[in-house]
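Structure, as structure tokens:
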Amino acid sequence: MKLWLVRHARPLIAPGVCYGATDMAADAEATQTSAQALALVLPQGVRVMSSPLQRCLQLAQALEALRPDLHAMPNARLAEMDFGCWEGVRWDAIPKHDFDHWMANFSTCRFGGRESVGEFMQRVASARADTLRHAGPSVWITHAGVARAMTLLAEGLTAVERADQWPKATPEWGQWWEREL
């Protein structure tokens, strides 16, 4: 079964700021360009799910405007990881001790107090399981972290213990990966 993992366009936030669950818009022109390219490759009536965050919904709505046969369903499990109190803070302003603690306890530490990588992986795995039960091609309009989690899940890993196990590769802004589940 094919899955298109689509990353939203570049968000309207300053570089170097920690954000995950922070809700902000993406660049409108880049979103439209992405939607136009995506509309050309998706099959008729493919199932579309979207993170409920604005930067993903914006792309989902632009896609729907171009392809009325597609209707995106918001799904909270496709949201980016929640960095709690560090949301909206510059990475270089986060105390080194807090960051180092997260790196040393990568799977279980709730960096910022909200969600651990382990909990995030479970959330994405749950969405993946539902998508597999659907048994047809699907599109996820989502975030880099979700794409990285799906890379691990596709390799049969449901958890990571060390930060160096977390994938570096991700779709570029407004681009996608096509994966077999």
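Close amide H partners of Ser50, meaning residues 5 or more places away or on another chain with modelled amide H under 5 Å apart, are Met73, Asn75, Ile141. Normalising the Debye intensity of segment 116-175 to I(0), with uniform scatterers on Cα atoms only, and taking log10 at q = 0.15, 0.19, 0.20, 0.28 Å⁻¹ returns -0.45, -0.71, -0.79, -1.32. Each part reduced to its alpha carbon centroid, segment 51-98 and segment 147-178 end up 16 Å apart. For segment 144-181, run through the trypsin sites (Lys or Arg not before Pro) and keep only the ones in DSSP coil with at most 13 other Cβ atoms within 10 Å of their Cβ. For trypsin sites (Lys or Arg not before Pro) across segment 144-181 that sit outside H, G, I, E and B with at most 13 neighbouring Cβ atoms in 10 Å, the list reads Arg162, Lys168.
A simple charge model with +1 on the Cβ of Lys and Arg, -1 on the Cβ of Asp and Glu and nothing else charged puts the dipole of segment 2-180 at about 260 debye relative to its Cα centre.
Ranking Val6, Ala135, Gly112 by Cα position along the charge dipole of the chain, where only Lys, Arg, Asp and Glu carry charges on their C-beta atoms, puts Ala135 farthest toward the positive end. The Rg/Rh ratio of the chain, with both radii computed over alpha carbons and Rh defined as the Kirkwood radius, is 0.97. For helix 117-134, report the angle its Cα long axis makes with the longest principal axis of the Cα atoms of the chain; keep it between 0 and 90° and round to the nearest 10°. Helix 117-134 sits at roughly 20 degrees to that axis.
Here the alpha carbons of segment 62-162 define both size measures, Rg and Dmax, at 16.0, 50 Å. Relative to the longest principal axis of the chain, what angle (0 to 90°, nearest 10) does the C-alpha long axis of helix 144-154 take? That helix lies at roughly 90 degrees to the long axis.
All of the numbers you see were taken from the coordinates with simple rules; none came from a lab. Just so we're clear, the structure is a prediction, and the values are computed from it rather than from any experiment. Cβ: placed from backbone, ideal geometry, glycine included. Neighbour counts: every protein chain shown.
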